[in-house]
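Q: I'd like to ask you about the structure that follows.
The values are calculated or read from the model by the stated rules, or taken from the named source; none is laboratory data. Quick caveat, the model's predicted, so the values are computed rather than measured. Reconstructed Cβ throughout: ideal geometry from the backbone, glycine too, with neighbour counts over all protein chains shown. Note: accessible area is taken over every heavy atom of the protein model, side chains too, but ligands, DNA and RNA are not part of it. Shrake-Rupley method; radii C 1.70, N 1.55, O 1.52, S 1.80 Å.
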Amino acid sequence: MGKHGSNSKIKMRNVKFTLLILLTVLIFHGCSKEEEKPAIDLTLLTDEYLGEPFPFESAEVFLDGLVTEKYSIQNIAFSRDGNEFYFTRTTLDNDSSTIFVSLLKDEYWTSPKPVSISTQYNETDPFITYDNQKMFFVSDRPIRSSEEFYFDYNIWYAERIGDTWGEPVYISEINSEEDEYSPTISENGTIYFSSARNDSEGYWDIYQAEFIDGKFVTPRKSLYPINTHYRDWDPQISQDEMKMLFVSDRPGGFGGGDIYLSTKDDDGLWGEPINLSNKINTNDYEYFPRISNDSNFLFFTRLLTNEENYYQDKALDTRDPFEYIYLPEAGRAVVYWVIADSLINVKF
């Protein structure tokens, strides 16, 4: 694991990256337009953050070569020791999503493979706990309840067993018959997530549940001004629960979904959320913010929604049962990253 202030290391990474780009151009040069562009070969990459040059001045694409003509990547996570890189690969129409993992072994990253918990159903939104022993994730695999099967998205977790993950566990205390997404866990075990359950005010709200006596208590909605009558989703809670990044389409933003930061005051109340500005947010959807384990970088996903990339979907608006809202559920997703010090108070 390198230090972020090493100029020589940065130059070496730039050389590696330039050589990789030249090699990629040579490989792709002979491909016809009908052939799909191969994904980047991670086995050529070394060091932390897969050897990517640091984005010093502005948000830049992270591992652009993982996005192909058929697949996007989003919802990334690193293990707490930095030796495992997880990402969700999705089709452009979002009909299929799978969590992949690449491992840092002998100084090089391995070819990405689906994680051991993968099924024929969809998996997404990985989160590795602070002790590095559990992975929380979201899946639409069927759950038996009251002799019926529900195929909504629910939150699961798996415990680490050596180099793999054990049998996934469905968390009955926090899931509902509606969708749950984006689990994030504080150091003391409190879970925050987004859900479209019946008592949500803006179709999506952020919920939290403490972990007491070996199980989660009944979830409750996070207080205003986190939740509003607009859509609020994709939280990341800080280790001490004093800061939260999340996404909202509330008025005053730059696009369909913007990333916000809220900080608790001395009384434990959430402060007015701060929009991360046009350094991060655009007229496209920005979502799934994640601060790196070393607190030096902000990762997030941007959904490109121009005519070439966008697949529209819609759902009933809970604020008006006779109206529909358009959901950011499909399009070409690209992961970006930026140095956290370039953003006010974002570092966890």
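Q: If you check S186 against the conditions, is it touching an Asp or Glu at 6+ places or on another chain (Cβ under 6 Å), open to solvent by less than 10 Å² (accessible area, probe 1.4 Å) and within 18 Å of G268 (Cβ to Cβ)?
A: The answer is yes for S186.
Q: Additional query: Give R231, R197 a once-over and let me know the one that is buried (at least 21 other Cβ atoms within 10 Å of the Cβ) and at pLDDT below 95.
A: One residue alone meets the criteria, R231.
Q: Test S176 against the stated conditions and say whether it is in contact (Cβ under 8 Å) with a residue 60 or more places away in the chain and either assigned to a loop (DSSP other than H, G, I, E, B) or under 24 Å from T43 (Cα atoms) (or both).
A: no
Q: If I filter segment 76-103 down to residues being modelled with pLDDT under 95, touching a Phe, Trp or Tyr at 6+ places or on another chain (Cβ under 9 Å) and part of a strand (DSSP E or B), which single residue comes out as surrounded by the fewest Cβ atoms within 10 Å (Cβ to Cβ)?
A: Within segment 76-103, the match that is surrounded by the fewest Cβ atoms within 10 Å (Cβ to Cβ) is T91.
Q: Scan segment 250-278 residue by residue and report those that are of a type outside the set (S, T, N, Q), without any contact (Cβ under 8 Å) to a residue 40 or more places away in the chain, within 28 Å of E57 (Cβ to Cβ) and open to solvent by less than 40 Å² (accessible area, probe 1.4 Å).
A: G253, G255, D258, Y260
Q: Is it fair to say I174 is open to solvent by 80 Å² or more (accessible area, probe 1.4 Å) and not basic (K, R)?
A: no
Q: Also, I was wondering about something else. Counting just the residues of segment 328-338 that are open to solvent by 30 Å² or more (accessible area, probe 1.4 Å) and not in a loop (DSSP other than H, G, I, E, B), which one comes out modelled with the highest pLDDT?
A: Result: Y336.
Q: Another one. Has segment 146-163 got at least one residue that is under 25 Å from D249 (Cβ atoms) and either part of a loop (DSSP other than H, G, I, E, B) or acidic (D, E) (or both)?
A: Yes, segment 146-163 contains at least one residue that is under 25 Å from D249 (Cβ atoms) and either part of a loop (DSSP other than H, G, I, E, B) or acidic (D, E) (or both).
Q: So, one more: So, Y130, is that one open to solvent by 50 Å² or more (accessible area, probe 1.4 Å) and not hydrophobic (A, V, I, L, M, F, W, C) or not?
A: Against the criterion (open to solvent by 50 Å² or more (accessible area, probe 1.4 Å) and not hydrophobic (A, V, I, L, M, F, W, C)), Y130 qualifies.
Q: Related question: Would you check if there is a residue in segment 224-233 being in contact (Cβ under 8 Å) with a residue 12 or more places away in the chain, assigned to a strand (DSSP E or B) and of a type outside the set (F, W, Y)?
A: Yes, segment 224-233 has at least one match.
Q: Return the pairs, sorted by first residue and then second, in which the second residue is modelled with pLDDT of 95 or more and outside any strand (DSSP E or B), the first residue lies in segment 150-166 and is open to solvent by 50 Å² or more (accessible area, probe 1.4 Å), the beta carbons are less than 6 Å apart, and the residues are 6+ apart or on different chains.
A: Partner pairs satisfying both residue conditions: E159/G166; T164/S116.
Q: Taking D249, is it under 24 Å from D179 (Cα atoms) and either modelled with pLDDT of 95 or more or among the charged types (D, E, K, R) (or both)?
A: yes
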